[in-house]
Amino acid sequence: MTALGERAIVSPRSVPSLPRHVRIQFDPVRQAFAVLSPEKVFWPNEISLDILRRCDGRANVGQIIADLAAEYAAEEAEVAADVTAFLQEWSDKLLVKL
């Protein structure tokens, strides 16, 4: 984001990371990973969790897409649409920084 209130747009060169107030934690009771943010808990599915784990502030969106396409033996174009939409939604909710 370049200015307060301006929406960040996901691009292949974006380098996503989790903000300080967001963390991934395993819940032993539910035997599942949760994404925790102030006053909210999200229960991502396996693919969402794979995307979030790659949001380390080092890999760009293009690299994340390529890695996931290889891991799931899927077409990059199909993976790109899903990853971009997911990251845009989470960025809009301030759960992922671009």
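Of note:
- Note on region 10-43: residues that are assigned to a strand (DSSP E or B), more than 14 Å from the chain's Cα centre (by Cα) and among the β-branched types (Val, Ile, Thr) amount to 1.
- Some residue of region 51-63 being under 22 Å from residue 12 (Cβ atoms), over 11 Å from the mean Cα position of the chain (by Cα) and assigned to a helix (DSSP H, G or I): yes
- When 32, 66, 74 are checked against the criterion of being touching a helix residue (DSSP H, G or I) at 6+ places or on another chain (Cβ under 7 Å), modelled with pLDDT of 95 or more and surrounded by 12 or more Cβ atoms within 10 Å (Cβ to Cβ), 66 stands alone in meeting it.
- All of (1) more than 18 Å from residue 8 (Cβ to Cβ); (2) of a type in the set (S, T, N, Q); (3) touching a residue at least 60 places away in the same chain (Cβ under 8 Å) hold for residue 91 with one exception: (1).
- Where residue 58 falls short, out of the listed (1) surrounded by 15 or more Cβ atoms within 10 Å (Cβ to Cβ); (2) out of contact with any helix residue (DSSP H, G or I) (no Cβ under 9 Å at 6 or more places or on another chain); (3) in contact (Cβ under 8 Å) with a residue 40 or more places away in the chain: (1)
- For region 53-94, the set of residues classified as in contact with a strand residue (DSSP E or B) (Cβ under 6 Å, 6 or more places away or on another chain) and of a type in the set (A, V, I, L, M, F, W, C) consists of 55 only.
- Selection within region 83-98 - surrounded by fewer than 16 Cβ atoms within 10 Å (Cβ to Cβ) and not in a loop (DSSP other than H, G, I, E, B): 85, 89, 92
The values are calculated or read from the model by the stated rules, or taken from the named source; none is laboratory data. The model shown is predicted, which means the values in this text are computed figures rather than measured ones. Positions of Cβ are backbone-derived with ideal geometry, glycine not excepted, and every protein chain shown enters the neighbour counts.
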